[in-house]
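Q: Encoded as structure tokens, here's the structure I'll be asking about.
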């Protein structure tokens with residue numbers, strides 16, 4: 001191995017449809033010496049991987065054009081040596097198992113920080129990295145579910161209340177409270 005090859009930065013592909021989050025992660029990886037490529041969706045991610053397969057890939061589960069599970073499957077088919085971590089704000093055991101079955105080495109639930117992501121890439125347990133509790137409280141799970149449904153309804157409180165089976169005012173009261181701590 002040449003001295004240049006030993007110093008070559010590791011490549012990481014960040015696939016997330018949230019522009020701000022994707023850019024922040026990209027900057028955090030760049031600050032740690034990674035060669036970063038950003039993709040806002042499945043098509044772009046697959047195109048970038050075909051051009052130059054990444055050593056590491058961080059893939060969001062929910063994206064508008066295709067599931068992150070499809071991206072994991074394609075990235076693994078392009079290069080089985082790529083280390084892939086699935087990232088989601090909507091975690092479930094079923095999707096975590098499916099992601100690992102398709103080629104991901106780890107599955108992380110948002111919110112996460114760069115240290116947790118790096119630990120996942122290295123195959124380390126992430127529970128102790130920056131987390132004080134590994135299981136969220138029931139109140140936190142309810143808060144996250146409400147936020148997910150509200151997001152799916154594009155912020156329409158009346159529609160979200162109907163989907164949640166709540167009165168609109170009850171939902172507004174729940175939303176006016178501070179977010180529940182993890």
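Q: Which of 93, 157, 117, 84 comes first, and how do the rest follow, when ranked by fewest Cβ neighbours within 10 Å?
A: Listing 93, 157, 117, 84 from fewest to most nearby Cβ atoms yields 93, 157, 117, 84.
Q: If I stretch the segment between residue 152 and residue 20 completely, what's the gain in nm (0.36 nm per residue apart, minus their alpha carbon distance), one decimal?
A: My answer for the length gained is 45.7 nm.
Q: On to the next question. Ranking 71, 12 by Cβ neighbours within 10 Å, fewest first, what do you get?
A: Fewest-to-most Cβ neighbours within 10 Å comes out as 12, 71.
Q: Quick check on the exposure proxy: order 154, 70, 52 from fewest to most C-beta atoms within 10 angstrom.
A: Ranked by crowding around the Cβ, least crowded first: 154, 52, 70.
Q: A further question follows. Sequence gap at least 6, Cα distance under 8 Å: using those rules, report the relative contact order of region 3-121 to the nearest whole percent.
A: Result for region 3-121 is 21 percent.
We did not get these values from a lab; they are worked out from the coordinates using the rules stated. Every value quoted in this text rests on a predicted model; they were computed, and no experiment measured them. Heads up, the Cβs are rebuilt from the backbone with ideal geometry, glycines too, and the neighbour counts pull from every protein chain shown.
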